[in-house]
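What follows is a set of notes on a single structure, which appears directly below.
The values are calculated or read from the model by the stated rules, or taken from the named source; none is laboratory data. Nothing here was measured: the structure is a model prediction, and the numbers come from that model. With ideal geometry, Cβ positions are generated from the backbone for all residues, glycine too; neighbour counts draw on all protein chains shown.
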Amino acid sequence: MPAADVVPTLTTARLVMRAFRGADLAPFAAIYADPVVMQHFVQPMTAEGTAAFVDRIDAQWRAAGWGLWALERRDTGEFIGYTGLWPVRFEAAFSPKVEVGWRLAAQHWGQGFATEAARAALDFAFDVLGWPEVVSFTAVANLPSRRVMERLGMRREPEWDFDHPAVPEGHPVRPHVFYRLRAVDR
């Protein structure tokens, strides 16, 4: 697990954005195993795959000083998912870029948590790291995530829409839409 001194803790009105802890693994694996949460992905992730992802999150923070935060509700202390910044690790016409992304347990959808945390992650990218832009993308049919992107002030750039290379050809989630937010447009 990332050490607390590597991952800065951010707080929003309702959330704590912090390093992942060992106790987060089981609820995180449950999120990735939930077919509702994973409906816009090729398939749910195994517990082993989730643990490997947490290792990659740790490595990203250690190598770059930025990455994905675990999300904890301030009112309950409950782990509800992640939000943060992640490098685009596949070849695309728009690469290299960094995306803002999120994944929350389904029972926490529709309450503004993803937008709240993503806004804090974008503030970190622009105000702390000094980045000129951050992108985001999702499967065409993932309307809830697209609405989060739009609430964040991100603009869809259809000329950069793409077929995700990690998704098999012909799969319904292969077509993706592309959004961008420039620091000057905030």
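Total residues in region 80-133 satisfying the condition of being touching a residue at least 40 places away in the same chain (Cβ under 8 Å) and in contact with a Pro (Cβ under 6 Å, 6 or more places away or on another chain): the figure is 1. On inspection, GLN60 does not qualify as within 28 Å of ALA23 (Cα to Cα) and without any contact (Cβ under 8 Å) to a residue 24 or more places away in the chain. Could you tell me whether any residue of region 154-164 is under 15 Å from THR115 (Cβ atoms), modelled with pLDDT of 95 or more and not hydrophobic (A, V, I, L, M, F, W, C)? No; the residues of region 154-164 include none that is under 15 Å from THR115 (Cβ atoms), modelled with pLDDT of 95 or more and not hydrophobic (A, V, I, L, M, F, W, C).
Within region 58-78, restricting attention to residues that are in a helix (DSSP H, G or I) and hydrophobic (A, V, I, L, M, F, W, C), the residue that is nearest to TRP160 (Cα to Cα) is ALA64.
Within region 105-127, does at least one residue satisfy the condition of being among the β-branched types (Val, Ile, Thr), modelled with pLDDT of 95 or more and in contact with a strand residue (DSSP E or B) (Cβ under 6 Å, 6 or more places away or on another chain)? No, every residue in region 105-127 fails to be among the β-branched types (Val, Ile, Thr), modelled with pLDDT of 95 or more and in contact with a strand residue (DSSP E or B) (Cβ under 6 Å, 6 or more places away or on another chain). Residue count for region 1-57, restricted to those that are in a helix (DSSP H, G or I), surrounded by fewer than 17 Cβ atoms within 10 Å (Cβ to Cβ) and small (Gly, Ala, Ser): 9.
For region 62-71, the set of residues classified as surrounded by fewer than 21 Cβ atoms within 10 Å (Cβ to Cβ) and touching a strand residue (DSSP E or B) at 6+ places or on another chain (Cβ under 9 Å) consists of ALA64 only.
Is it the case that region 40-54 has a residue that's touching a helix residue (DSSP H, G or I) at 6+ places or on another chain (Cβ under 9 Å), of a type outside the set (Asp, Glu) and over 25 Å from PHE137 (Cβ atoms)? Yes - at least one qualifying residue is present in region 40-54.
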